[in-house]
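The values are calculated or read from the model by the stated rules, or taken from the named source; none is laboratory data. Just so it is clear, the structure is predicted and the values come from calculations on it, not from any experiment. Glycine also receives a Cβ, built like all others from the backbone with ideal geometry; neighbour counts cover every protein chain displayed. For the accessible areas, the whole protein counts, side chains as well, though only heavy atoms, and no ligand, DNA or RNA atoms are used. Shrake-Rupley method; radii C 1.70, N 1.55, O 1.52, S 1.80 Å.
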Amino acid sequence: MNAKILNEIDWRIRVFESLSFPTLILSPDKAILTANRIFLDKYDTTLERIIGKTCSKVFYEGKGCKDEYCPFVNVLARKTGESVLRRRLTRTGKLLWEERLFSPILDDEGNVICVMESVRDVTQLKTLQITLKETEAFLEKIILNSPVAIVAADHYSNILLMNPAAEDLFGYRNNEAVRTLTLEQLHHPETANNIMHMLRTDDEDGIGKLHGMHTAIVNAKGETIPAEVNASIIYEDGEEIAIVCLYTDLSEKIKIQEKLDETRVQLAQSEKMASIGQLAAGVAHEINNPLTGILFISSLKMESLAPDDPEREDLQAMIEDVNRCKNIVKSLLEYSRRKVPAKEVIDINTIIERGLTLIRDPKMFGKIEVVRALSKAPMIIHVDENQISQVIINLVINAIAAMEGKGRLALCSYPDPDLNKVCLEITDTGSGIKEDILNKIFDPFFTTKAQGKGTGLGLSTAYGLVKENNGDIRVKKTDADGTTFLIEFQSYTPPGEVNDGEP
Ligand SMILES: Nc1ncnc2c1ncn2[C@@H]1O[C@H](COP(=O)(O)OP(=O)(O)OP(=O)(O)O)[C@@H](O)[C@H]1O
Ligand SMILES: [Mg+2]
């Protein structure tokens, strides 16, 4: 009967032979009735060898073809075509991917008389798909594990992706950012516009590219964080389809740079102070002896003069000037650390309180409000009380001078447990110190006051005294709103006691 069917539809055999895919005709009980030429060539076989066998036998020698994969039963039942993707190992060990398409052939009554099975080699396509999938997975891993924050957005700037580094930097989860946030919301408005503008400008980076732009981002808490951004526009057929931005957090780098700059300035300052100090010490030493001589002789002369002698007045003026010079010399010696400090263990708050009582004249303060914000915790240091009180007085006098009769003077002390230090800030609401003189204010004899009003020794003396007591002094902040001087000393730890970092 099988041969009869085939003879009756002779022209169909020609169609069958000209199909470009290897094709079999199977009986409803799965036996091969025939195969086209291309099948025999491809599978290097003959009709005699395969007729009557199942396709499973031919393709897999009976192994590896299970009913659950085979759509044959469905094709018979549903009378519609169905396909399945199968892997096959050739005799030479090559792995092939084949798509097998089963199509029912119906008689006039609509009964399935046989099934046509075409085999399409999709190895190349499948290999490409696998490679693509692997590449995609690999790229995804790179994006997920990148230490650089990556943000992708569509051309309307809606966020499409935030990798974990970007989640950390911006403080949003990927799933809450995607499609709900825009690139603009991750920056200050003008910054986002700037990035977009630079990206679309044909500058040295080229159109659609932006390299190493220093900018700032705004995180979920609304904090501004300095960052470097590299970005590019992704085009498809010349159309913008997405924007990818890579951000690097610069806050740590900037902090380190600032610390480095500060250390450099402090180093330059202390080098300068050391050489000026040497000079000052030499001069002070040389001048001190002759001054003592002049003072001694003029005092003797004064004693020898009658009370109504007209020369007394000149001599008195001379003695006062010599005393002024001796005071300057004293300050110079303090600045150049030629006086051995008498150190004791004392709370810095005690020094502040006592120091302030030394500036007794209430007229000096005018309408200046004095605020003390002293730490409640003990702030024990090992210093010469007189010297440090002198420092505080000098700074307070300067602050008062800068405020010209009205303003607010704040003395604030606090511990720095991280560095095991004790800090004192003296803040005024005065004129501030101009940038161009900031590096000169600690120099001896540097003053901006009118002649005869200041010697310019207040801060240089303070500097010398603080250094002598192993402390640090610097301008923490100065602008048109006023100035803050910061003094730091090491916290005192009794001998034998281990410092645990607590104040
Ligand atoms: N709190 C301050 N606000 C503004 N400028 C200040 C302040 N402290 C110091 N200065 C500036 O630093 C300069 C040097 O201060 P320093 O105390 O060494 O000398 P002086 O106050 O001018 O004179 P002296 O202290 O010898 O009377 C001042 O002339 C002033 O220009
Ligand atoms: Mg002064």
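To the nearest 20 Debye, how big is the dipole of region 255-336 about its Cα centre, given +1 on the beta carbon of each Lys and Arg and -1 on that of each Asp and Glu? Intermediate results must be reported in sequence, preceding the final value.
Values: 9 positive and 14 negative charges, 122 e Å.
That gives a dipole near 580 debye.
Across region 236-249, coupling constants 3J(HN,Hα) worked out from phi with the 6.51/-1.76/1.60 Karplus curve, θ = phi - 60°, read 9, 6, x, 9, 5, 10, 7, 10, 10, 10, 10, 10, 10, 5 Hz, and Gly and Pro carry x. Loop-located trypsin sites (Lys or Arg not before Pro) in region 165-249 (DSSP state not H, G, I, E or B) with no more than 12 neighbouring Cβ atoms inside 10 Å: 173, 179, 221. Shape analysis of region 138-294 based on the Cα gyration tensor places the equivalent ellipsoid semi-axes at 54, 17, 13 Å, largest first.
For region 120-127, backbone phi angles converted through the Karplus equation (6.51, -1.76, 1.60; θ = phi - 60°) give residue-by-residue couplings of 10, 7, 10, 4, 4, 4, 5, 4 Hz, Gly and Pro being listed as x. Spherically averaged projected area of the convex hull of Cα atoms, the chain: 45.7 nm².
Basic side chains Lys and Arg get +1 at the Cβ, acidic Asp and Glu get -1 at the Cβ, and with that the dipole of the chain about its Cα centre reaches some 1380 debye. Close amide H pairs (under 5 Å, H built 1.01 Å from N) link residue 187 with 218, residues at least 5 positions away or on another chain.
Taking the Cα centre of each part, how many Å lie between region 386-417 and region 430-490? Centre-to-centre (Cα) distance: 11 Å.
Projecting the Cα atoms of 429, 210, 413 onto the dipole axis of the chain, where Lys and Arg carry +1 and Asp and Glu carry -1 at the beta carbon, places 210 farthest toward the positive end.
As a test of the definition: which semi-axes, in Å, follow for region 255-336 when you take the square root of five times each eigenvalue of its alpha carbon gyration tensor? Largest first, please.
Working: eigenvalues 399, 28, 7 Å².
Values for region 255-336, descending: 45, 12, 6 Å.
List the residues whose amide H sits under 5 Å from the amide H of residue 407, counting only those 5 or more places along or on another chain, with H placed 1.01 Å from N in the peptide plane. Amide H neighbours of residue 407: 368, 369.
With the helix formula -39500 (n - 2.57) applied to DSSP H stretches of n ≥ 4, the chain reaches a computed 222 nm mean residue ellipticity of -13000 deg cm²/dmol.
How much of the accessible area of region 2-127, probe 1.4 Å, is carbon plus sulfur, in whole percent?
Working: 4100 of 7780 Å².
Answer for region 2-127 is 53 percent, counting heavy atoms of protein chains only.
Restricting to bridges with both residues inside the chain, how much of the DSSP beta-bridge set is antiparallel, in percent to the nearest 5?
Details: 79 of 86 bridges.
Antiparallel bridges make up about 90 percent of those DSSP assigns within the chain.
When you filter the trypsin sites (Lys or Arg not before Pro) in region 403-491 for DSSP loop state and at most 11 other Cβ atoms inside 10 Å of their Cβ, you are left with 434, 453.
I need the shape label for region 318-414. Rule: rounded when a/c is under 1.5, else prolate if a/b > b/c, else oblate, with a, b, c from the alpha carbon gyration tensor. Oblate, because a/c is 1.5 or more while a/b does not exceed b/c.
Residues whose amide H lies under 5 Å from that of residue 374, counting only those 5 or more places away or on a different chain, are 413; hydrogens are built 1.01 Å from N in the peptide plane. Here the 3J(HN,Hα) profile of region 430-445, calculated from phi with Karplus coefficients 6.51, -1.76 and 1.60 at θ = phi - 60°, is x, 6, x, 10, 5, 3, 6, 10, 4, 7, 10, 4, 8, 6, x, 6 Hz, Gly and Pro shown as x. Counting other Cβ atoms within 10 Å, which GluC sites (Glu not before Pro) in region 401-500 have at most 15 and lie in a DSSP loop? Within region 401-500, the qualifying GluC sites (Glu not before Pro) (loop, at most 15 other Cβ atoms within 10 Å) are 404, 497. Round to a whole angstrom and tell me the spacing of the C-alpha centers of region 140-168 and region 201-272. Value for the Cα centre distance between the two parts: 16 Å. What shape does region 344-490 have by the C-alpha gyration tensor, where a ≥ b ≥ c are the square roots of the eigenvalues, rounded means a/c under 1.5, and otherwise prolate means a/b greater than b/c and oblate the rest? Cα axes put region 344-490 in the prolate bin. Helix 458-468 and the longest principal axis of the Cα set of the chain meet at an angle near 70°.
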